1. Would you mind getting me the FRET efficiency between A:Glu21 and A:Phe219? Use the beta-carbon distance for r and R0 = 22 Å, nearest 0.05.
2. Using the 7 Å Cα-to-Cβ label point, sort the distances from B:Gly191 to its equivalents in the other copies shortest first and give them in nm to one decimal.
3. Residue by residue through the stretch A:78-93, what is 3J(HN,Hα) from phi via Karplus (6.51 cos²θ - 1.76 cosθ + 1.60, θ = phi - 60°)? Round to whole Hz and write x for glycine and proline.
4. 5 Å is the cut-off here: which amide hydrogens, built 1.01 Å from N in the peptide plane, fall below it relative to B:Ile168, excluding neighbours closer than 5 in sequence?
5. At 1.4 Å probe size, put A:Asp169, B:Asp14 in order of accessible surface, largest to smallest.
6. Can you list the HN-Hα couplings for the stretch A:60-66, worked out from phi with the Karplus curve (6.51, -1.76, 1.60; θ = phi - 60°), rounded to whole Hz and with x for Gly and Pro?
7. Considering only protein heavy atoms, what per residue accessible area in square angstrom results for chain B with a 1.4 angstrom probe?
8. Could you estimate the translational diffusion coefficient of the stretch B:64-187 from the Stokes-Einstein equation, with Rh from the Kirkwood formula over C-alpha pairs, at 25 °C and 0.890 mPa s, in whole µm²/s?
2 protein chains.
Amino acid sequence: MASLSIDVIAFDADDTLWHNEPIFTETKRKFEQLLANYHGEEWINLKLDETEVRNIQHFGYGIKGFTLSMIETAIELTEGRISGREIGEIIGFSRQMMHHPVDLLDGVRETVALLAASHKLMLITKGDLFDQEAKIARSDLGDYFSSIEIVSEKNTRVYREIMERHAIDPERFLMVGNSIKSDVLPVIEAGGSAVHIPYPSTWFHEKLDGVDLEHVDFFELEHIKQLPAFLNGR
Amino acid sequence: MASLSIDVIAFDADDTLWHNEPIFTETKRKFEQLLANYHGEEWINLKLDETEVRNIQHFGYGIKGFTLSMIETAIELTEGRISGREIGEIIGFSRQMMHHPVDLLDGVRETVALLAASHKLMLITKGDLFDQEAKIARSDLGDYFSSIEIVSEKNTRVYREIMERHAIDPERFLMVGNSIKSDVLPVIEAGGSAVHIPYPSTWFHEKLDGVDLEHVDFFELEHIKQLPAFLNGR
């Protein structure tokens, strides 16, 4: 492993600092139960995934777009027979998601506090501006980050633009996140370094099919707690 | 009128650079027609406004939140009797809103192009990140602005933070927009200057009740085309 000289460490938020995917998974279970009289679980899930993928380009990421996708799927799967009352339940699910407590991953608070003493920390997160700001506020981690970037998509152009705007040398920039697609590949492409910390379940939309990672030079850690030692070259 | 020495001109977007409120108004008309069998227009409108105000704190601004508010209102007003098919129509309305062409106000393109030659221009807009980015892209005005800030709320704290981050002296900062509440008062409070350009119809949420503007020192123009002459002291 080459030694890294890093000035700026940027963290992804959802499923890197706090649990996010389980909240969506739990809601999908409720959605399946709601439609159990109409269809089987697997078919419901497949159709919801299809609607989500189709709608991402119109709605972007986040709870509101996901809720509209659930409602649309419910109408489609019931051929319009779903009742207003049942759709009201779906809106209730979204309200529960929005008010879900922000549950930090194990070791996050200590690690972020420790690294903030030695490095400039950033938060780079994709999604709905309103949802993300609310979660950052409730996480009580905001003060550790010297800047917070909420973006609609994480690609090479966006990372380049952020580094330029903050006058960051890509060679001294490290991104830490759970998504190879959003937190690793575009950062490497932009000339930076990346640490991948896998999350037990990852949203299908963030999964990569058929990409050969053999020649991509990034790091992988099991746990965020290993980050300080990793930065010190162990 | 005191003479102004301005380095940075920041523009609001919705109903300052392009028409926005009429798209919402048109959708509200369709929503009233959809529910015409259940209630009168006025009552429908009143209830939708109530739901919007209640939901802003959970959903923020933008088309997706507005759509969820329409669906919720429809369920409430019909006591759950609205059909899935009819709710599907509401989702259709939101899709039409999202794909509505970006229709610039008269004189915007020339004025922005002219001022970009002499000043640093910014765009400061509130709302849904995804919606706003899409509109900026479709407006074809993006290149005139040296920075674009999409924020979830426009208050004094947010304007101060933007000026600090960009190292802008408030005395040399001018905000131009159609909302006294969002584009004028907080900017004055933050030490900057503001030009109010009223829009024929303004969303009720942006209207001010009982605020005495007599001692607030801002400028008012009828039309964006008057801005260059205003800046030159006429």
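1. 0.50
2. Here the equivalent label points are 3.5 nm apart from this one.
3. 9, 6, x, 7, 4, 8, x, 4, 5, 5, x, 5, 4, 4, x, 4
4. none
5. Working: A:Asp169 80, B:Asp14 25 Å².
Largest to smallest exposure gives the sequence A:Asp169, B:Asp14.
6. Karplus values, whole Hz, x for Gly and Pro: x, 8, x, 5, 5, x, 4.
7. Per residue, chain B has an accessible area of 46 Å².
8. After rounding, the answer is 143 µm²/s.
The values are calculated or read from the model by the stated rules, or taken from the named source; none is laboratory data. For clarity, every value in this text was computed on a predicted model and none was experimentally measured. Don't worry about glycine lacking a Cβ; one is built from the backbone with ideal geometry, like all the others, and counts go over all protein chains shown. These area figures cover heavy atoms from the full protein model, side chains too; ligands, DNA and RNA do not enter into them. Shrake-Rupley method; radii C 1.70, N 1.55, O 1.52, S 1.80 Å.
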